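Colleague: Quick one: structure below, then a few questions.
All of the numbers you see were taken from the coordinates with simple rules; none came from a lab. What you see is a predicted model; the values in this text were computed from it and never measured. As a convention, Cβ positions derive from the backbone with ideal geometry for all residues, glycine included, and neighbour counts pool all protein chains shown.
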Amino acid sequence: MWTALHLALLAGAATPSGATESARIVIRRDVIDLRDLPARSRLSALTVDVHGRAGSGVRQPWVSMAVNGVVIARTWLGRQDSVTLRADVDERLLSMRSLVEVAAYVPQCETPYCRALAASVRVVGPVRQDYDAARADATFAHLASRYRAGLTLLQGPDVDPAFGKLVRNALAPRARPLAEGGGLVYVSRQQPPDFIAPIRFDLGPVSLVRQDGVTVIPPDMLDRLTVVQVLRTGDHPVIWVRPGRDVPRELDLDSGDIGIFGPSGRLMAFSYASDARTLHPAYGPGVDADGSQRTKRIWRWLLLIGWAAASVGLGLVYRRLPRRVTATEAPAWAA
Amino acid sequence: MGCLTIGDSWTADFLVENGFLSLAQFDEALDLMEQWDRSLSDVVMSRRWMTPQDFHRAAARRFGMTFVNLQTDPPNETLLIEAEVEDYMRELTMPWRVQDGRMVVVTAHLGPESVLYARRRWGSNIDMVVTAKFDVLWSLQKVFSARHSHRAVHELADADPEMSARTVFTRAQLLVVWAGLTLLCLGLGFAPTPTLIVVNTITSVFYLGNFVFRGVLVWAGGRRSHDRHRALAMEARLLRDEDLPVYTVLVPMFREPEVLPILAGALRKLDYPLGKLDIKIVLEEGDDETIDAAKRLGLEGIFEIVRVPPSQPQTKPKACNYALRFARGEYLVIFDAEDKPEPDQLRKVVAAFRRSSPDVACIQCRLNYFNASENWLTRMFTLDYSLWFDLMLPGLERLGIPIPLGGTSNHFKIEVLRELHAWDPFNVTEDADLGIRMTQKGYRVGLVDSTTYEEANVSHANWVRQRSRWMKGYMQTCLVHTRRPLHLMKTVGPLGTLGFVSFLGGTVLSGLLNPIFWAVFLFWAVTQTGGFDIVFPPMLLYTSMLNLLIGNGMFIYLMMLAPFRRRWVQLAPYALTVMWYWVLLSIAAWKGAWQLVTRPFYWEKTQHGLSKFTAAEVSSALEEQAV
């Protein structure tokens with residue numbers, strides 16, 4: 001299906017024919033920290049005003065805006081002095097700290113004159129941000145604004161208190177601690193009641209495997225590491241920190257909705273929703289952690305029933321086929 | 001010019017002397033006889049100066065012969081031979097009874113030809129009596145109705161079972177369907193994602209091919225050959241009446257008395273000698289309302305009424321097969337009851353047949369609608385027909401792809417029609433099937449730029465009924481002709497096979513598949529779910545988008561182009577609303593598919609006469625007739 005992301009990727013991939021790197025100048029580089037967004041909001045659009053010296057003919061500068069390296073807006077300065085670049089931002093492009101770059105370039109630029117044209121372009125004012133209400137689907141990055149409203153930390157008695165501080169620093173360093181109605185962080189060896197975690201530890205040994213069957217993290221290693229996961233029930237996400245043997249140096253919850261940490265920091269982070277096919281938890285034999293086996297069984301039974309019904313139908317049609325005859329039975333009058 | 005026989009000359013004198021004809025009528029009759037090269041009886045009856053009964057009674061008196069009314073004194077059935085019915089009909093002469101050891105032959109054709117025929121057939125020891133022209137037809141119908149009816153139903157299926165839709169699915173076809181279904185279920189059960197990607201790829205390629213194919217057809221069909229059509233029109237005008245052959249016009253009807261005046265008016269307006277028209281109104285026995293309407297309009301004297309005995313399947317092709325037994329023409333055309341052919345159509349067709357190679361066995365004329373501006377549906381239907389008949393069929397002709405004939409205005413060489421066992425009564429689009437069968441048997445179908453105007457459906461329900469029958473018929477036709485794929489390939493060639501399967505099969509398949517893909521697209525558009533991403537890898541995604549945007553856009557564009565040929569520019573914007581028309585098509589396709597399994601031979605009757613334009617046409621036709 002066509003998505004805004006595809007469009008953005010396409011736009012990013014298609015640089016103007018003949019453009020040279022030497023004429024491309026990054027004129028503004030900003031970092032948007034999602035933890036600084038207003039509470040319960042999400043970044044929906046970016047706008048920037050650009051001013052430059054207009055060229056002539058084909059020697060006219062282009063300006064573009066990119067988020068984390070993906071171009072989301074581009075325009076031609078043309079014969080005007082200034083233009084406004086504005087683009088909707090797909091949440092999937094964002095990380096906790098997203099890099100926004102505004103660049104100017106002139107295609108087929110081989111002369112000092114045209115390089116000067118590119119150099120003349122500058123950003124007027126800040127990169128403006130538009131916000132929208134936060135959505136239910138969430139990664140660590142998207143949850144940041146929700147946690148900015150406040151953070152409730154539920155911590156088991158057997159857990160090192162340093163974990164709570166780590167999480168707060170990672171997600172909402174400026175949020176009031178233990179505020180009611182804010183985000184919920186649950187630090188425990190047991191998963192929160194009424195939630196089902198993407199990686200479950202209550203079903204016996206679990207490992208992370210790739211689609212081709214290669215084990216990325218074996219069960220005994222995963223058991224020693226700290227695993228942070230976003231759990232969802234409707235519109236109520238919870239961050240569950242399953243502490244490992246050692247407290248990590250820091251919790252870098254930048255992207256994805258599952259983070260795995262060793263003593264020295266993050267080992268990997270991925271999105272369970274979009275990467276589950278390439279990387280997924282594997283349990284011991286007979287364990288149906290997410291009900292997929294059950295779904296598969298039901299699906300196969302339904303198919304079998306459908307196939308059997310269709311086969312019976314075809315069989316009935318087959319039985320109704322007339323005998324192969326070369327002449328019809330003689331009618332009464334022909335006797 | 002034809003020459004006046006002595007018999008006719010004497011009869012004409014007698015009719016004037018006895019006050020049956022005025023002197024002015026006498027002069028006109030003599031002129032027309034020479035001009036048309038037809039007998040006095042044909043001229044007098046075509047002008048409705050006398051009824052057939054009165055004419056032949058008077059002629060019998062003139063020659064001192066006995067007149068018999070075959071309805072009260074029927075022939076001895078044992079003397080009639082079924083294989084000779086066509087001869088009896090052509091000569092209007094047949095054995096009646098044996099009296100005093102002599103064969104008595106009855107004739108409605110007064111002249112030396114009938115005497116010669118009778119002597120040649122039954123020897124010189126014969127007596128002759130006279131009867132009315134239509135008595136011959138009615139007697140033969142009565143005697144042979146059961147046999148003809150049986151043959152009308154089973155002749156093709158018995159003689160050429162592979163070409164008949166009597167067997168809806170063959171065992172091999174069912175096996176292929178079952179194997180495909182099993183494979184699909186296995187795939188969905190054990191490897192759903194790859195299976196769905198494969199299915200998706202196949203359908204995307206199908207859609208892409210369908211768009212490209214139709215684009216090519218319109219491109220080929222749009223290259224209009226003005227010169228050819230002008231030359232044909234010129235040749236048609238130059239044809240002399242006396243050189244024109246007898247033309248059979250079959251008008252199958254069923255409970256449509258209200259549109260009869262349109263037909264009568266249109267046929268009278270044909271630029272063709274009435275005396276050379278063998279017009280047969282084909283009615284189902286028991287359709288008293290239409291029979292009574294024909295009598296009220298006084299059509300009995302000009303048009304023969306063929307009553308088809310009841311039998312299953314009760315379809316139009318069966319009725320036509322039955323009536324074909326009594327056809328006397330060299331060529332034959334089918335018109336629907338509410339049809340208004342352009343007056344010079346028959347002449348153009350005769351000219352086209354004469355200038356084309358001997359393997360051209362059928363000429364299809366264009367169809368369109370006289371009530372295009374009535375409502376949205378009639379406008380869309382007109383766009384659809386304009387695209388089909390004005391652009392796509394010429395494209396098929398140009399590319400040498402078998403042409404599925406349209407419902408009416410297809411003109412046949414009657415000998416070839418009989419040789420091919422005529423229409424398949426089990427196929428509900430018998431015309432499309434016959435076009436393909438003709439090509440498979442080595443004949444060709446040509447097109448002539450002459451239009452017959454019909455009544456477009458004004459109601460959605462009626463339209464869906466009609467279109468579901470067409471869809472079912474296309475399915476039947478595809479099933480019949482793909483039973484032997486190699487044979488099909490051998491007879492119509494690879495391009496012909498591909499074209500036939502794409503044209504008819506593509507029409508049906510896209511109707512069936514569209515709702516599924518629309519549903520997927522709508523679901524995605526509303527929910528923005530990423531669930532479908534897995535079965536749309538990038539390449540497939542872009543192909544699907546190409547089909548969705550460019551393909552459908554191209555279809556809309558082609559529909560907009562269609563009415564330009566007829567300068568009906570005002571219809572072009574309606575092409576933008578074609579989406580709902582496609583929805584109706586899909587409903588019809590699924591209904592047709594359901595009926596293919598449950599009631600394969602059921603004929604979904606299209607109700608005619610619902611249009612306000614038709615009502616106006618009827619009153620105008622009645623006024624003209626009164627004048």
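Colleague: Where the only charges are on Cβ atoms (+1 Lys, Arg; -1 Asp, Glu), what is the dipole of the protein assembly as shown about its Cα centre, to the nearest 20 debye? Walk me through the numbers before you get to the answer.
Modeller: Working: 105 positive and 99 negative charges, 670 e Å.
So the dipole magnitude of the protein assembly as shown works out to roughly 3220 debye.
Colleague: Same structure, new question: Treat each spin label as a single point 7 Å out from the Cα along the C-beta direction, and report the residue B:51 to residue B:27 distance in nm.
Modeller: Output for this residue pair reads 3.0 nm.
Colleague: Hey, another quick one. Filter the trypsin sites (Lys or Arg not before Pro) in region B:471-526 to those in DSSP coil with at most 12 other Cβ atoms within 10 Å of their Cβ, and list the result. Don't skip to the end; give the middle numbers.
Modeller: Working: sites: B:472, B:483, B:490; in loops: B:483.
Answer in residue order: no site qualifies.
Colleague: On a 0 to 90° scale, report how tilted helix B:345-355 is relative to the longest principal axis of chain B, with both axes built from alpha carbons and the result rounded to the nearest 10.
Modeller: Value to nearest ten degrees: 80.
Colleague: Also, I was wondering about something else. Can you give me the distance in nm between label points at residue B:415 and residue B:242, each placed 7 Å from the Cα along the Cα-to-Cβ direction?
Modeller: 2.4
Colleague: Please give the FRET efficiency for residue B:79 paired with residue B:116, using the beta carbon to beta carbon distance and R0 = 22 Å, rounded to the nearest 0.05.
Modeller: Calculated value: 0.70.
Colleague: Further, regarding this structure: Sketch the reach of a paramagnetic label on residue B:542 as a point 7 Å from Cα along Cα-to-Cβ, and name the residues of region B:189-214 whose backbone nitrogen lies under 12 Å away.
Modeller: Counting backbone N atoms under 12 Å from the label point, the list is empty.
Colleague: Further, regarding this structure: Want the number for residue A:319 to residue A:40: 0.36 nm per residue separation, take away the alpha-carbon distance, what's left? Show your work: numbers first, answer last.
Modeller: Values: separation 279, 0.36 × 279 = 100.44 nm, distance 6.59 nm.
Taking residue A:319 through residue A:40 to full extension adds about 93.8 nm, to one decimal.
Colleague: With viscosity set to 1.306 mPa s at 10 °C, what whole-number translational diffusion coefficient in µm²/s follows for chain B from Stokes-Einstein and a Kirkwood radius over Cα pairs?
Modeller: After rounding, the answer is 60 µm²/s.
Colleague: Moving on to the next point. Scan around residue B:130 for amide H atoms under 5 Å from its own, H built in the peptide plane at 1.01 Å from N, and keep only partners 5 or more places away or cross-chain.
Modeller: Those qualifying (amide H under 5 Å, at least 5 residues apart or on another chain) are B:66, B:67, B:68, B:107.
Colleague: OK, next. If each residue of separation counts as 0.36 nm, what is the full-extension length gain between residue B:182 and residue B:355 once their alpha-carbon separation is subtracted?
Modeller: Working: separation 173, 0.36 × 173 = 62.28 nm, distance 5.35 nm.
Gain on extension, residue B:182 to residue B:355, equals 56.9 nm.
Colleague: With unit charges on the beta carbons (Lys and Arg positive, Asp and Glu negative) and the dipole taken about the Cα centre of the protein assembly as shown, which residue among B:326, B:30, B:211 sits farthest to the positive side?
Modeller: B:211
Colleague: Can you list the aspartates and glutamates whose alpha carbon sits under 17 Å from that of residue A:296, skipping same-chain ones fewer than 8 residues off?
Modeller: Filter leaves A:288.
Colleague: Below 13 Å, Cα to Cα, which aspartates and glutamates can residue B:413 reach? Residues fewer than 8 away in the same chain don't count.
Modeller: B:330, B:359
Colleague: Something else about it: How much length, in nm to one decimal, is gained on full extension between residue A:116 and residue A:99, taken as 0.36 nm per residue of separation minus their Cα-Cα distance?
Modeller: 3.6 nm
Colleague: Another question, then. Suppose R0 equals 56 Å; then what is the FRET efficiency for residue A:273 and residue B:486 from their Cβ-Cβ distance, rounded to the nearest 0.05?
Modeller: Efficiency, from the Cβ-Cβ distance: 0.65.
Colleague: Below 8 Å, C-alpha to C-alpha, sequence gap of six or more: please give me the relative contact order for region B:164-627 in percent.
Modeller: Value for region B:164-627: 23 percent.
Colleague: Mind sorting B:463, B:178 by how few other Cβ atoms lie within 10 Å of their own Cβ, fewest first?
Modeller: The order, fewest Cβ neighbours first, is B:178, B:463.
Colleague: Based on the Cβ-Cβ distance of residue B:147 and residue B:527, what FRET efficiency does E = 1/(1 + (r/R0)^6) give at R0 = 60 Å, to the nearest 0.05?
Modeller: Once rounded, the FRET efficiency stands at 0.40.
Colleague: For B:438, B:65, what ranking results if the residue with the fewest other Cβ atoms within 10 Å of its Cβ goes first?
Modeller: Listed from fewest to most nearby Cβ atoms, that is B:65, B:438.
Colleague: Next question. Could you check the simple spin-label distance between residue A:245 and residue A:264, using points 7 Å along Cα→Cβ, in nm with one decimal?
Modeller: For residue A:245 paired with residue A:264, the spin-label model returns 1.6 nm.
Colleague: Taking the Cα centre of the protein assembly as shown as the origin and placing charges on Cβ (Lys, Arg +1; Asp, Glu -1), which of A:228, B:199, B:609 is farthest toward the positive end of the dipole?
Modeller: It is A:228, whose Cα lies furthest towards the positive end.
Colleague: May I ask you to derive the relative contact order of region B:254-404, considering only C-alpha pairs under 8 Å and at least 6 residues apart, and to give it as an integer percent?
Modeller: Worked out over region B:254-404, it gives 25 percent.
Colleague: Run the paramagnetic zone check for residue B:160: 7 angstrom along Cα to Cβ, then residues of region B:387-416 with backbone nitrogen under 12 Å.
Modeller: B:416
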